[in-house]
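S.K.: I have a structure I would like to understand better, so I am pasting it below and will then ask my questions one at a time.
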Amino acid sequence: MNLQGKTALVTGANTGIGRVTAIELAKQGAHVVVACRSEEKTRPVLDEIGRDKVDFLRLDLADLSSVRTAADAFLARGVPLALLVNNAGLAGAHGQTRDGFELGFGTNHIGHYLFTRMLLPALERADEARVVTVASHGHYRAPGIDWDAVRKPTRTTTAFPEYCVSKLANVLFANELARRGPKNVRSYSLHPGGVASDVWREVPWGLRHVLSLFLLSNEDGAKTSLYCSTSDDVRDKSGLYFDRCKEKRASDLALDTALARELWERSAEWVGLAA
């Protein structure tokens, strides 16, 4: 997809693969909107891209009032959105969001669900649009979605089981968006590889250091996001899951259309939208 002169929005673009993704999209001619919690922490990315090619949008995915404000601010610009990269996420964090969701589920899924749903009018205004959701290989390990548990604080010591559930939700959402979204909007989910990014910021330092010895660079980790964002090879593969820039079969649960529909409808009810 030719992004020259078009608008692309990347969440969590201040560090890691989001940063690399935003910089590379700008190099391809896109005007990039980086949606992050802190403008101060995002400033190095803004400076590297160049202020005439990038804008900052304040977004805290763990706070639905912030999500609504950010989406409304973008929609007020009245510009078509050619590409939305749902990149931001966290792992190893414990707690509950302000709106009462398990922290990983609320940040990784619910925040992006609401943000994407609210931005659909801008995506629909583009001749061709894509929504790329960064999930994880961890979704294969999710045993399902406990609808009660996702409305309570993190229960496990590592928070990894909760992370896997949130990533299953990412794939289910991307698949259901491909079925329900506007005809000009294509939707993809992906595993970026095990990446030495800021997604692991809540993991204890010792374990994080050990993990970093086996993880990909951010540059390598961003390749699949960029592939799904720009490659002509995926134009007719909306609703599919990718790993290392290749199509891969997602888990059986991720391909369960009834579960995807239920997640969509429950999520809509939770954030106050029509299904």
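S.K.: Having 3 or more residues that are under 15 Å from the mean Cα position of the chain (by Cα) is the bar; report the strands (runs of 3 or more DSSP E) wholly within region 22-89 that clear it.
M.R.: Once the strands (runs of 3 or more DSSP E) in region 22-89 are filtered for at least 3 residues that are under 15 Å from the mean Cα position of the chain (by Cα), what remains is 31-36, 83-86.
S.K.: For region 110-150, what are the residues that are under 21 Å from residue 34 (Cβ atoms), in contact with a Ser or Thr (Cβ under 6 Å, 6 or more places away or on another chain) and assigned to a helix (DSSP H, G or I)?
M.R.: 113
S.K.: Next question. Among the residues that make up region 248-266, is at least one of them out of contact with any strand residue (DSSP E or B) (no Cβ under 8 Å at 6 or more places or on another chain), open to solvent by 50 Å² or more (accessible area, probe 1.4 Å), at pLDDT below 95 and not in a loop (DSSP other than H, G, I, E, B)?
M.R.: No, that holds for no residue.
S.K.: Mind checking which pairs have a first residue in region 233-245 that is more than 8 Å from residue 188 (Cα to Cα) and a second that is surrounded by fewer than 18 Cβ atoms within 10 Å (Cβ to Cβ) and among the hydroxyl-bearing types (Ser, Thr, Tyr), Cβ under 9 Å, 6 or more apart or different chains?
M.R.: 245/231
S.K.: Right, residue 19: among the basic types (Lys, Arg) and touching a residue at least 24 places away in the same chain (Cβ under 8 Å) or not? Show your work before the answer.
M.R.: Values: among the basic types (Lys, Arg): yes; touching a residue at least 24 places away in the same chain (Cβ under 8 Å): yes.
So residue 19 passes the test.
S.K.: Please go through region 8-60 and give me each residue that is open to solvent by 20 Å² or more (accessible area, probe 1.4 Å), modelled with pLDDT of 95 or more and among the polar types (S, T, N, Q), ordered by number.
M.R.: 14, 28, 38
S.K.: Since residue 11 meets every condition but one in (1) touching a residue at least 60 places away in the same chain (Cβ under 8 Å); (2) touching a Lys or Arg at 6+ places or on another chain (Cβ under 8 Å); (3) of a type in the set (Ser, Thr, Tyr), which condition does it not meet?
M.R.: If we test residue 11 against (1) touching a residue at least 60 places away in the same chain (Cβ under 8 Å); (2) touching a Lys or Arg at 6+ places or on another chain (Cβ under 8 Å); (3) of a type in the set (Ser, Thr, Tyr), just (2) comes out false.
S.K.: A further question follows. Collect the residues in region 128-141 that are farther than 16 Å from residue 243 by Cβ and open to solvent by 10 Å² or more (accessible area, probe 1.4 Å), keeping them in residue-number order.
M.R.: 128
S.K.: With (1) open to solvent by 10 Å² or more (accessible area, probe 1.4 Å); (2) in contact with a His (Cβ under 6 Å, 6 or more places away or on another chain) as the list, and residue 118 as the residue in question, which single condition is left unmet?
M.R.: (2)
S.K.: Further question: Do any residues in region 145-156 that are on the phi < 0 side of the Ramachandran plot have Cβ atoms under 6 Å from those of residues that are modelled with pLDDT of 95 or more and open to solvent by 70 Å² or more (accessible area, probe 1.4 Å), where the two are at least six apart or on different chains, and which pairs are they?
M.R.: What qualifies is 153/96; 154/94.
The values are calculated or read from the model by the stated rules, or taken from the named source; none is laboratory data. None of the values given here were measured: they were computed from a predicted structure. Every residue, glycine as well, gets a Cβ built from its backbone with ideal geometry; the counts of neighbours run over all protein chains shown. Remember, those area values only see protein heavy atoms, side chains included, never the ligands or the DNA or RNA. Shrake-Rupley method; radii C 1.70, N 1.55, O 1.52, S 1.80 Å.
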